[in-house]
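Undergrad: I have a structure here, written as structure tokens, and I will follow up with some questions on it.
The values are calculated or read from the model by the stated rules, or taken from the named source; none is laboratory data. Note that the coordinates shown come from a computational prediction; the quantities given were computed from them, not determined experimentally. SASA here: full protein model, heavy atoms, side chains in, ligands and nucleic acids out. Shrake-Rupley method; radii C 1.70, N 1.55, O 1.52, S 1.80 Å.
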Amino acid sequence: MAATGEATLDFGALPGSNEASVTFADVDVTATSKVEAFFMGNDTTADHTASDHRYIGLFVALSADATNGVGGTIYGRSTDKMTGTFKVRWVWTD
């Protein structure tokens, strides 16, 4: 089984943050599921354009930890403080 979804990472208003996280829910996820999360390079949010999304992936890493029957959390980190929201997508498979 496999599933995908979209979420929004919110780094907050100025002065922003180096870290943001968002939880996703999926009751079929298990602790051994392979979960991957990534920025959506062609999407926009209320705060950022698609061009912002294309460049942001160069310095932000995403990871997700799965929990049996719950889902997981996507973490975004940056060496520089970021502001506003960015779209991410998650995908998992057993």
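Undergrad: For region 52-70, indicate whether the set of residues that are modelled with pLDDT of 80 or more, outside any loop (DSSP other than H, G, I, E, B) and open to solvent by less than 70 Å² (accessible area, probe 1.4 Å) is non-empty.
TA: Checking region 52-70: not a single residue is modelled with pLDDT of 80 or more, outside any loop (DSSP other than H, G, I, E, B) and open to solvent by less than 70 Å² (accessible area, probe 1.4 Å).
Undergrad: Here is a check on your reading of the model: is residue 21 at pLDDT 85 or above and polar (S, T, N, Q)?
TA: yes
Undergrad: Identify all residues within region 1-40 that are more than 17 Å from residue 83 (Cα to Cα) and small (Gly, Ala, Ser); write none if there are none.
TA: 2, 3, 5, 25, 31, 33, 37 - these are the residues of region 1-40 that are more than 17 Å from residue 83 (Cα to Cα) and small (Gly, Ala, Ser).
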